[in-house]
Amino acid sequence: MSQPVDVEIDLDRDVFLRTLVRELATSLESVIGLEEASGYISLVGQAVGTQIDDMYLKALGTDRLSREQVAEALVDLKRRIKGDFYLIEHDETKIVLGNRACPFAEKVLGRESMCMMTSNVFGTIAARNLGYASVELQETIARGDAGCRVVVHLVPGGGPTSGREYFADAEPAAGGPGAGTVPA
């Protein structure tokens, strides 16, 4: 008779935690709706973004990252958690990133609220260091796109109204928990 320890199943800490986050997002979306679920997940993303930003600041021995360092940190942090983000372009008004693999892997499919982790982590880091960010999720794997395209606008009014805004104090704009002017 086989024992549980002898069978091959796809279960480890990573799969368990990704499944946990997906099921939390599923529960929130089904109980309170996509927009409100995104708001709650945004609060978590903001806290995580602050912690990650502090890690980079400490490791680099600085109190503020340059625009180039912010762009590099956004790509690096996603690489560390098994995303496949890459820099498409950046200038004084925006940072444009692409992505071929979500850190949540297949668990993100159909759970757009989980993308608020990316929006808020990116927005919090950019705003804390550069003063302002508006994050626009143009394409997402969660929505069924082949990859993600994320634009981090660095100038107020320089981006579309569909992004979530973040300010230097890392507080999201008015409009609900973690929400910018209009949800992405």
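Just a few scattered comments:
- Which listed residue is of a type in the set (Lys, Arg), under 20 Å from LEU43 (Cβ atoms) and at pLDDT below 95, from ARG111, ARG128: ARG111
- When we screen ARG22, ARG18, ARG13 for residues that are without any contact (Cβ under 8 Å) to a residue 60 or more places away in the chain and among the basic types (Lys, Arg), the only hit is ARG13.
- ARG100 vs. criteria within 16 Å of the chain's Cα centre (by Cα), surrounded by fewer than 14 Cβ atoms within 10 Å (Cβ to Cβ) and modelled with pLDDT of 95 or more: yes
- Selection from region 86-136 of residues that are more than 26 Å from LEU17 (Cα to Cα), hydrophobic (A, V, I, L, M, F, W, C) and touching a strand residue (DSSP E or B) at 6+ places or on another chain (Cβ under 7 Å): LEU87, ILE88, ILE95, VAL96, ALA126, ALA127, ALA133
- Pair list, Cβ < 7 Å and 6+ apart or interchain, from region 79-105 residues that are under 19 Å from ALA146 (Cβ atoms) to residues that are hydroxyl-bearing (Ser, Thr, Tyr) and exposed (fewer than 15 other Cβ atoms within 10 Å of the Cβ): LEU97/TYR86; GLY98/TYR86
- Among the residues of region 52-104, those that are in a loop (DSSP other than H, G, I, E, B) and farther than 18 Å from VAL152 by Cα comprise GLY61, THR62, ASP63, ILE81, LYS82, ALA101, PRO103, PHE104.
- Residue count for region 1-27 under the criterion of being of a type in the set (Val, Ile, Thr), modelled with pLDDT of 85 or more and either surrounded by 10 or more Cβ atoms within 10 Å (Cβ to Cβ) or not in a loop (DSSP other than H, G, I, E, B) (or both): the result is 4.
The values are calculated or read from the model by the stated rules, or taken from the named source; none is laboratory data. All values derive from a computational prediction rather than experimental measurement. Positions of Cβ are backbone-derived with ideal geometry, glycine not excepted, and every protein chain shown enters the neighbour counts.
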